[in-house]
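Here the structure comes first, spelled out in structure tokens, and everything after it is commentary.
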């Protein structure tokens, strides 16, 4: 399983995916909103995460009158572990460099 380069946009997408719950699953435009990024940035990141096995997606099966079905995204078990470990390692590196506090 290949690591992911942790750019600011990728971090924001991973954080949105990590904060998703069964009651509030992550779907394309909700990730855009939560990450404060446009779809032209978010969807390529989701594609890269899926290619590396970090994320799976599924189309909405319930009723969705008046709009297209949503595509829900979820971290795999390995993806959740990799994302958590990568973000924690980054936080440790930033702390050691005196850059703690924020995703900058």
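Within region 21-69, take every residue that is crowded, with 17+ Cβ neighbours inside 10 Å and assigned to a loop (DSSP other than H, G, I, E, B) and give me the one that is farthest from the chain's Cα centre (by Cα). So the residue we want is 37.
Against the definition (out of contact with any strand residue (DSSP E or B) (no Cβ under 9 Å at 6 or more places or on another chain) and either more than 19 Å from residue 21 (Cα to Cα) or at pLDDT 95 or above (or both)), how does residue 41 come out, yes or no?
Details: out of contact with any strand residue (DSSP E or B) (no Cβ under 9 Å at 6 or more places or on another chain): yes; either more than 19 Å from residue 21 (Cα to Cα) or at pLDDT 95 or above (or both): yes.
Criteria met by residue 41.
Annotation: residue 75 fulfils all but one of (1) at pLDDT 95 or above; (2) within 12 Å of the chain's Cα centre (by Cα); (3) surrounded by fewer than 18 Cβ atoms within 10 Å (Cβ to Cβ); the unmet one is (3). Figure legend. Inter-residue proximity from region 48-75: first residues in contact (Cβ under 8 Å) with a residue 24 or more places away in the chain, second residues surrounded by fewer than 16 Cβ atoms within 10 Å (Cβ to Cβ) and part of a loop (DSSP other than H, G, I, E, B), beta-carbon distance below 6 Å, spacing 6+ or different chains. Indicated pairs: 52/2; 53/1; 60/69; 70/60; 72/25.
Assessment of region 83-103 against the conditions (in contact with a helix residue (DSSP H, G or I) (Cβ under 6 Å, 6 or more places away or on another chain) and either at pLDDT 90 or above or part of a helix (DSSP H, G or I) (or both)) yields at least one matching residue.
Six or more apart or on different chains, Cβ under 9 Å: which pairs go from a residue in region 1-16 that's assigned to a helix (DSSP H, G or I) to one that's modelled with pLDDT under 85? Could you list them? Note: pairs meeting the criteria are 8/103; 8/104; 10/4; 11/103; 12/103; 14/4; 15/103.
The values are calculated or read from the model by the stated rules, or taken from the named source; none is laboratory data. Values in this document were obtained by computation on a predicted structure and should not be read as measured data. We place every Cβ from the backbone using ideal geometry, glycine too, and count neighbours over all the protein chains shown.
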